[in-house]
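Peer 1: Could you have a look at this structure, given as structure tokens, before my questions?
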Amino acid sequence: MAYAARDDRPADKAARYAEVEAEILAVLDGEPNRTARMATVASMLADAFPAFFWTGFYVVDPDKADELVVGPYQGTLGCLRIAFGRGVCGTAARDRSTQIVDDVHAFPGHIACDSRSASEIVVPVFDASGALIAVFDVDATETSAFDAVDARALEGLMARVFG
């Protein structure tokens, strides 16, 4: 079942997320490596939701606690480094809260890694101790592609995979 951002009802989108989450958790069962887990999540979500134009992680740099460095992703070239507080990803990292941006071109300080990106959701990723380890970033080529259904599903998935 493919998902097109605007054509499905929220219940359909939530059901698709639940289905994909079960698939991801089954694939990751017993895999302890964080990079492998991130790569799998990015790949499987990008494949499951065609509206997802860029799907991936920015990881907290262990040498610079206030900077993100690109991690596993699917899509066009991503920004290599993002300071906390800069752009949507840096804001999510600094505030440790999910950011939903309907129109990235109207977001103050948006970092345009690819001009085709129109909307974005960024979810902070925490480990079992509650430390921020990354942010999960999804871009779409259409505006208003993300909503509370996406936020709840992605926050829950990140907690189950990395928490």
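The values are calculated or read from the model by the stated rules, or taken from the named source; none is laboratory data. Note that the structure is a prediction, hence the values are computed from the model and not measured. Cβ: placed from backbone, ideal geometry, glycine included. Neighbour counts: every protein chain shown. Please note that ligands, DNA and RNA were not included when accessible areas were found on the heavy atoms of the full protein model with its side chains. Shrake-Rupley method; radii C 1.70, N 1.55, O 1.52, S 1.80 Å.
Peer 1: Mind telling me which of the residues Val20, Val27 ends up being in contact with a Ser or Thr (Cβ under 9 Å, 6 or more places away or on another chain) and either farther than 19 Å from Val138 by Cβ or modelled with pLDDT of 95 or more (or both)?
Peer 2: The unique qualifying residue is Val27.
Peer 1: A further question follows. So which strands (runs of 3 or more DSSP E) stay within segment 4-112 end to end and still have 3 or more residues that are among the aliphatic types (A, V, I, L, M) and crowded, with 17+ Cβ neighbours inside 10 Å? Step through it out loud before you land on a result.
Peer 2: On the way: elements: 54-61, 64-74, 81-83, 99-101.
By residue number, 64-74.
Peer 1: So which residues in segment 90-132 are in contact (Cβ under 8 Å) with a residue 60 or more places away in the chain and under 16 Å from Cys79 (Cβ atoms), if there are any at all?
Peer 2: Asp114, Arg116, Ser117
Peer 1: Just one of the numbered conditions (1) open to solvent by less than 40 Å² (accessible area, probe 1.4 Å); (2) in a loop (DSSP other than H, G, I, E, B); (3) small (Gly, Ala, Ser) is not true of Ala128; which one?
Peer 2: Answer for Ala128: the failing condition is (1).
Peer 1: Considering every residue within segment 138-148, establish whether at least one is open to solvent by 10 Å² or more (accessible area, probe 1.4 Å), in a loop (DSSP other than H, G, I, E, B), in contact (Cβ under 8 Å) with a residue 24 or more places away in the chain and touching a helix residue (DSSP H, G or I) at 6+ places or on another chain (Cβ under 8 Å).
Peer 2: Scanning segment 138-148 turns up at least one residue that is open to solvent by 10 Å² or more (accessible area, probe 1.4 Å), in a loop (DSSP other than H, G, I, E, B), in contact (Cβ under 8 Å) with a residue 24 or more places away in the chain and touching a helix residue (DSSP H, G or I) at 6+ places or on another chain (Cβ under 8 Å).
Peer 1: Of the conditions (1) closer than 22 Å to Val20 by Cβ; (2) at pLDDT 95 or above; (3) not aliphatic (A, V, I, L, M), Ser97 clears all except one; give me its number.
Peer 2: The one condition Ser97 does not meet is (1).
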